[in-house]
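The values are calculated or read from the model by the stated rules, or taken from the named source; none is laboratory data. What you see is a predicted model, and the numbers here were worked out from it, not measured in a lab. For neighbour counting, all protein chains shown are included, and Cβ atoms are generated from backbone atoms with ideal geometry for every residue, glycine included. In case anyone asks, the SASA skips ligands and DNA or RNA and just uses the protein heavy atoms, side chains included. Shrake-Rupley method; radii C 1.70, N 1.55, O 1.52, S 1.80 Å.
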Amino acid sequence: MSSIDYNEKIPNNVNLGEDRALKRALEHWQPNYLNWWKDMGPEGSQDFDVYLRTATSVDPQGWAQFGYVKMPDYRWGIFLNPAEQDRKIHFGDHKGEDAWQSVPGEYRANLRRIIVTQGDTEPASVEQQRHLGLTAPSGYDLRNLFQVNVEEGRHLWAMVYLLHKFFGRDGREEGEALLQRRSGEEDNPRILQAFNEKTPDWLAFYMFTYFTDRDGKFQLCALAESSFDPLARTTRFMLTEEAHHMFVGESGVSRVIQRTCDMMNELKTEDPAELRAAGIIDLPTIQRYINFHFSVTIDLFGSDQSSNAATFYSTGLKGRFEEGKRSDDHVLKNDSYPVLEVHDGKLVEKQVPMLNALNEVLRDDYIKDSMGGIKRWNKVIEKAGLDFRLAVPHKAFHRSIGALKDVNVSPDGVVLTDEQWQEHVDEWLPSQQDREFVNSLMGRVVEPGKFANWIAPPVIGIDRQPVDFEYVRFN
Ligand SMILES: [Fe+2]
Ligand SMILES: [Fe+2]
């Protein structure tokens, strides 16, 4: 009989060696996880040596160890940020009480649901991205894709750790189900819709890591406030990894824009057709991708009015973004917040109880944050001396959740009839033709230092390595 030494195999800072029941549960889950990785992880990549960052502890020296790793051998570990002494609950009805080190019985079902929903997004994005390695624009980008993928895998481990440690048999069952759902599969899809969409090309990948991983950041930030201390500590550490994912997205889109602007100047044209003939992605197409990914992602925050959101907050399960930095009473029972609805063919604001609008509050915080990258992308265009400017669409544009789901709204916030929508939709969202064009550019470039024609090289490499470093070795 083979026995696995998990102190060796699973780097951790949770005293795994001393918790036999937990060890056994994870021991049971690990081979299933590896089978899932083989089936649904990056296609055709099992043998590559990839220059990856691995976390071996949470301190500054330990969490970013670089070296060549075959991905199935990546050391997926379990890390919680250090405990804060005497941490108190700082919002909701339990404000001022000690943070929970175990799960209060009355909140068990809701906490489990929150953890499962977060956990489900992690393997989902790996599944969505599993074909992208075949068309990487460079070895540098290929490595970044794989880095994101292994860390999403680690985020799944983080959530499964909580399920196994604190939720007994139901937790173990949920841990298995997380390996069984599949992104986009009709019979057993992932829980949230944005995680069932395809990520068909690299422009979509950069948009996804910019916009949708940023949703991850905001969800994790809200959970990092949780009264359930192990959840707060594990999500805090996940956030350190998440930053790189958003960097991959922001710098990726920026490099596409850089290349497009360079070619617009070189060819002295703004005409999308001429640019496309030169194998370049035109700026209006980039804008349509932004519109799509932004709108699909802001749906992830849920209905604008939600009694669940109120319950999660009041019971202390999930806080607001940067809860600790806010100066209100952190109970919010007497506050209101504006949400949008359509009245007489126009979008109007309506004040509703703040507690019920907490999804909208988080969505608005997200929107503010996501506009930062757009500003920086516009700087690239401005520096190139061009007039085009990118923007995020109105938050009522192309929504599928909440009060705005059945109305047609243009990117600048005008309510439209079905006919008007149909007439313009291809100007606002990627059309079949756009997708086919972008897809036609996708070809594999992996020679160190070489980049596909439609994207500029990065300014610097990973881990201070040169841009032409051999980030992936194919065996
Ligand atoms: Fe993640
Ligand atoms: Fe991520």
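Please verify whether the range 23-46 includes one or more residues that are part of a loop (DSSP other than H, G, I, E, B) and open to solvent by 70 Å² or more (accessible area, probe 1.4 Å). The answer is no; no qualifying residue exists. Return the residues of the range 425-463 that are under 23 Å from the mean Cα position of the chain (by Cα) and not in a helix (DSSP H, G or I); say none if nothing qualifies. Hits for the range 425-463 are L429, P430, M442, I455, P458, G461. Of all residues in the range 389-412, exactly one satisfies the criterion of being over 13 Å from S295 (Cα atoms), in contact with a strand residue (DSSP E or B) (Cβ under 6 Å, 6 or more places away or on another chain) and either at pLDDT 95 or above or not in a helix (DSSP H, G or I) (or both), namely V407.
Filtering R320, R363 for residues that are basic (K, R), touching a His at 6+ places or on another chain (Cβ under 9 Å), at pLDDT 95 or above and open to solvent by less than 50 Å² (accessible area, probe 1.4 Å) leaves a single hit, R320. It is to be established whether one or more residues within the range 269-277 are away from ligand 2 (no atom under 16 Å from the Cβ), over 24 Å from R87 (Cα atoms), touching a residue at least 40 places away in the same chain (Cβ under 8 Å) and out of contact with any Gly (no Cβ under 8 Å at 6 or more places or on another chain). Checked the range 269-277: at least one residue is away from ligand 2 (no atom under 16 Å from the Cβ), over 24 Å from R87 (Cα atoms), touching a residue at least 40 places away in the same chain (Cβ under 8 Å) and out of contact with any Gly (no Cβ under 8 Å at 6 or more places or on another chain).
For L386, the conditions (1) farther than 30 Å from N196 by Cα; (2) outside any loop (DSSP other than H, G, I, E, B); (3) open to solvent by less than 40 Å² (accessible area, probe 1.4 Å) are fulfilled apart from (2).
Step by step: first the residues of the range 240-253, then only those that are open to solvent by 30 Å² or more (accessible area, probe 1.4 Å) and modelled with pLDDT of 95 or more, then the one that is farthest from ligand 2 (Cβ to nearest atom). Which residue is that? Full working, then the answer.
Just the residues of the range 240-253 that are open to solvent by 30 Å² or more (accessible area, probe 1.4 Å), to begin with: 240, 243, 247, 250.
The next check asks that each one be modelled with pLDDT of 95 or more; those that pass are 247, 250.
Values: F247: 11, E250: 13 Å.
Among those that are open to solvent by 30 Å² or more (accessible area, probe 1.4 Å) and modelled with pLDDT of 95 or more, it is E250.
Go through the range 225-236 and count every residue that is crowded, with 23+ Cβ neighbours inside 10 Å and either within 15 Å of ligand 2 (Cβ to nearest atom) or aromatic (F, W, Y) (or both). The total comes to 3. Is it the case, given these coordinates, that A204 is within 14 Å of ligand 1 (Cβ to nearest atom), within 18 Å of the chain's Cα centre (by Cα) and part of a helix (DSSP H, G or I)? No, not satisfied. Could you go through the range 115-123 and let me know if any residue there is among the charged types (D, E, K, R) and either modelled with pLDDT under 95 or open to solvent by 30 Å² or more (accessible area, probe 1.4 Å) (or both). Among the residues of the range 115-123, not one is among the charged types (D, E, K, R) and either modelled with pLDDT under 95 or open to solvent by 30 Å² or more (accessible area, probe 1.4 Å) (or both), which makes the answer no. Evaluated against (1) in a loop (DSSP other than H, G, I, E, B); (2) in contact (Cβ under 8 Å) with a residue 12 or more places away in the chain, Q85 falls short on exactly one condition, (2).
Matching residues to (1) within 15 Å of ligand 2 (Cβ to nearest atom); (2) open to solvent by 10 Å² or more (accessible area, probe 1.4 Å); (3) touching a Cys at 6+ places or on another chain (Cβ under 9 Å):
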| residue | (1), (2), (3) |
| --- | --- |
| N188 | no, yes, no |
| W202 | no, no, no |
| L223 | yes, no, no |
| Y289 | no, no, no |
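Is at least one residue of the range 228-246 among the hydrophobic types (A, V, I, L, M, F, W, C), in contact (Cβ under 8 Å) with a residue 12 or more places away in the chain, assigned to a loop (DSSP other than H, G, I, E, B) and over 30 Å from E382 (Cα atoms)? Looking for residues that are among the hydrophobic types (A, V, I, L, M, F, W, C), in contact (Cβ under 8 Å) with a residue 12 or more places away in the chain, assigned to a loop (DSSP other than H, G, I, E, B) and over 30 Å from E382 (Cα atoms), one finds none in the range 228-246, hence no. Just wondering, is there one or more residues in the range 252-267 that are within 13 Å of ligand 1 (Cβ to nearest atom), in contact with a Phe, Trp or Tyr (Cβ under 8 Å, 6 or more places away or on another chain) and polar (S, T, N, Q)? No - not one qualifying residue is present in the range 252-267. Look at (1) within 16 Å of ligand 1 (Cβ to nearest atom); (2) open to solvent by 10 Å² or more (accessible area, probe 1.4 Å) and you find that L178 fails only one, number (2).
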